[in-house]
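Student: Please read through the structure below; I'll follow up with questions.
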Amino acid sequence: MTCSSAQSVPAFFIFGDSAADVGNNNYVATVAKANTIPNGIDFGNPTGRFTNGRTVFDILQQQVGFKNFSPAYLAPTTVGDVILQGVNYAASASGIFNSTGSQYGETVSFDTQLKYHGRITLAIMSRIGVAATQKLLRKSIYAIALGANDILSKDSHTSKLTQDEFLDFVISRFRSQLQVLRTQLLHAALFSGTMEDFSAAVHFQKFVLTDQNAANLVTAKYMMEGNLTYMFPMNVRQLVQS
């Protein structure tokens, strides 16, 4: 079931790891790729997604009313007007820390993804102007799926912290990065007060996903319709209609 049309949500920007990657890692020097079967079999061929079908954010985009998925930032076709409906910066094996996933090769960390988003923001401004960019960014959804790889690679970051201390460390780092994203939007859109339309939907999953479409459908349902037990401070439907 869809809710409001994509008119009320003009763009869907996605950050994350393998839970959200739609092909960025096809353009990165890493072994963490999903370009072989059974990945993508529901599409007829691999798409760069670490699942046989759609990611959770793919499903949410369709339910919100988008006809097309946000394209991979690193894809050479992600230019021109396609960026006006959002971009996907997610890359498998990436994390909150820059070193996360480095055992697989080159990584696209959250810090790097934030830099990419800054470039896209400037590109949008150059296409539609500052005022229209302000409106677009203010009404857009920002979805983030990160953290699992950092937790799985705890010992590579520090072995001196307890599990609780490390989780606090991860959360603190993530919070500071969200502030960077918020600052980017403040500078781009000249916001004042709180950012009511900013949503960080965090979804933890492991590195490689196959036969995952059914689980993604269930997760998307709870993100779309779930109560405060699952989505805080509001679910996606309430966010879109707010």
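The values are calculated or read from the model by the stated rules, or taken from the named source; none is laboratory data. Note that the coordinates shown come from a computational prediction; the quantities given were computed from them, not determined experimentally. We place every Cβ from the backbone using ideal geometry, glycine too, and count neighbours over all the protein chains shown.
Student: Can you pull out the residues in segment 121-143 that are touching a Phe, Trp or Tyr at 6+ places or on another chain (Cβ under 7 Å) and farther than 22 Å from M223 by Cβ?
Tutor: The answer is none; no residue qualifies.
Student: Now a separate question. Restrict the check to segment 84-92 and report whether at least one residue is in a helix (DSSP H, G or I), modelled with pLDDT of 95 or more and surrounded by fewer than 23 Cβ atoms within 10 Å (Cβ to Cβ).
Tutor: Yes - at least one qualifying residue is present in segment 84-92.
Student: Could you look through segment 87-124, keep only residues that are more than 16 Å from the chain's Cα centre (by Cα) and hydrophobic (A, V, I, L, M, F, W, C), and pick out the one that is nearest to V180 (Cα to Cα)?
Tutor: L122
Student: If L60 satisfies every condition in (1) assigned to a loop (DSSP other than H, G, I, E, B); (2) in contact (Cβ under 8 Å) with a residue 24 or more places away in the chain; (3) within 26 Å of R175 (Cβ to Cβ) but one, which is the exception?
Tutor: (1)
Student: Where residues in segment 35-57 are of a type outside the set (A, V, I, L, M) and in a helix (DSSP H, G or I), which of them is surrounded by the most Cβ atoms within 10 Å (Cβ to Cβ)?
Tutor: Residue satisfying both the conditions and the ranking: F57.
Student: Just a yes or no: is a residue in segment 69-82 at pLDDT below 95, surrounded by 21 or more Cβ atoms within 10 Å (Cβ to Cβ) and not in a loop (DSSP other than H, G, I, E, B)?
Tutor: No; the residues of segment 69-82 include none that is at pLDDT below 95, surrounded by 21 or more Cβ atoms within 10 Å (Cβ to Cβ) and not in a loop (DSSP other than H, G, I, E, B).
Student: Also, I was wondering about something else. Would you be able to say whether some residue in segment 24-43 is under 27 Å from D168 (Cα atoms) and without any contact (Cβ under 8 Å) to a residue 40 or more places away in the chain?
Tutor: There is no residue in segment 24-43 that is under 27 Å from D168 (Cα atoms) and without any contact (Cβ under 8 Å) to a residue 40 or more places away in the chain.
One line per residue, one yes/no per condition, for (1) surrounded by fewer than 23 Cβ atoms within 10 Å (Cβ to Cβ); (2) acidic (D, E); (3) part of a helix (DSSP H, G or I):
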residue: Q113; (1), (2), (3): no, no, yes
residue: S126; (1), (2), (3): yes, no, yes
residue: A132; (1), (2), (3): yes, no, yes
residue: R138; (1), (2), (3): yes, no, yes
residue: D155; (1), (2), (3): yes, yes, yes
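Student: Determine if segment 129-142 includes at least one residue that is under 21 Å from G48 (Cα atoms) and touching a Pro at 6+ places or on another chain (Cβ under 9 Å).
Tutor: For segment 129-142, residues under 21 Å from G48 (Cα atoms) and touching a Pro at 6+ places or on another chain (Cβ under 9 Å): absent.
Student: Being in contact with a Ser or Thr (Cβ under 9 Å, 6 or more places away or on another chain), aliphatic (A, V, I, L, M), closer than 23 Å to V31 by Cα and in contact (Cβ under 8 Å) with a residue 40 or more places away in the chain narrows it down to one residue among A148, A75; which is it?
Tutor: None of the other options fit; the residue is A148.
Student: Here is a list: R119, R49. Which entry is at pLDDT 95 or above and farther than 29 Å from N235 by Cβ?
Tutor: Just one listed residue meets the conditions, R119.
Student: Sort through T51, T55 and tell me the only one that's on the phi < 0 side of the Ramachandran plot, in contact with a Leu (Cβ under 6 Å, 6 or more places away or on another chain), of a type outside the set (A, V, I, L, M, F, W, C) and touching a residue at least 24 places away in the same chain (Cβ under 8 Å).
Tutor: None of the others qualify; the one that does is T51.
Student: Can I ask one more? If we scan segment 149-165, do we find a residue that is within 15 Å of the chain's Cα centre (by Cα), at pLDDT 90 or above and not β-branched (V, I, T)?
Tutor: Taking every residue of segment 149-165 in turn, at least one turns out to be within 15 Å of the chain's Cα centre (by Cα), at pLDDT 90 or above and not β-branched (V, I, T).
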